[in-house]
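Report on the following structure.
The values are calculated or read from the model by the stated rules, or taken from the named source; none is laboratory data. Because the structure is predicted, anything quoted here is derived from the model rather than measured. Every residue, glycine as well, gets a Cβ built from its backbone with ideal geometry; the counts of neighbours run over all protein chains shown.
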């Protein structure tokens, strides 16, 4: 019996700042890591809807969708997981994180500093794909 694949979605939120490009990342205390904002689709929700909702909930930033990026697939606790990604641009920074237990810090980071934060290789590849579309 194969386990049902977990479907998730997220966004690469980019902005220009002082001659460089910054990306919005979140710190997850449960894993003590930095990540791109993403999360599971709710029942009946599309990938696009989930991506926008998750970015808003995890960062307090309302965005609009840009281009679709390549999906990322991996296994979590023996279950396959697929994350659908989009580029996003900021519409409004509200500054309210929905669940501080899930995300305890939000930060704009220069793309040159992402690897030092310890982002997963798949997150770094997703950011590279987003930068290639600019």
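Just wondering, is there one or more residues in region 52-71 that are in a helix (DSSP H, G or I) and closer than 14 Å to residue 14 by Cβ? Yes.
Residue count for region 85-102 under the criterion of being at pLDDT 95 or above and under 16 Å from residue 58 (Cβ atoms): the result is 6. Of the numbered criteria (1) touching a residue at least 60 places away in the same chain (Cβ under 8 Å); (2) farther than 15 Å from residue 11 by Cβ; (3) in contact with a strand residue (DSSP E or B) (Cβ under 8 Å, 6 or more places away or on another chain); (4) not in a helix (DSSP H, G or I), the one residue 112 fails is (4). Considering 3, 41, 56, the condition of being farther than 18 Å from residue 132 by Cβ and over 14 Å from the mean Cα position of the chain (by Cα) is satisfied by 3 alone.
What about residue 119, is it within 27 Å of residue 5 (Cα to Cα) and in contact (Cβ under 8 Å) with a residue 24 or more places away in the chain? Here the answer is yes, as residue 119 does meet what is asked.
Of all residues assigned to region 74-81, at least one qualifies as being in contact with a helix residue (DSSP H, G or I) (Cβ under 7 Å, 6 or more places away or on another chain) and under 30 Å from residue 3 (Cα atoms).
Could you tell me whether region 68-79 includes any residue that is in contact (Cβ under 8 Å) with a residue 60 or more places away in the chain and surrounded by 14 or more Cβ atoms within 10 Å (Cβ to Cβ)? Yes - at least one qualifying residue is present in region 68-79.
Every listed requirement among (1) within 15 Å of residue 13 (Cβ to Cβ); (2) touching a strand residue (DSSP E or B) at 6+ places or on another chain (Cβ under 6 Å); (3) surrounded by 15 or more Cβ atoms within 10 Å (Cβ to Cβ); (4) modelled with pLDDT of 95 or more is met by residue 119 save one, (4).
For region 94-106, residues that are surrounded by 14 or more Cβ atoms within 10 Å (Cβ to Cβ) and either more than 19 Å from residue 30 (Cα to Cα) or under 13 Å from the mean Cα position of the chain (by Cα) (or both) total 2.
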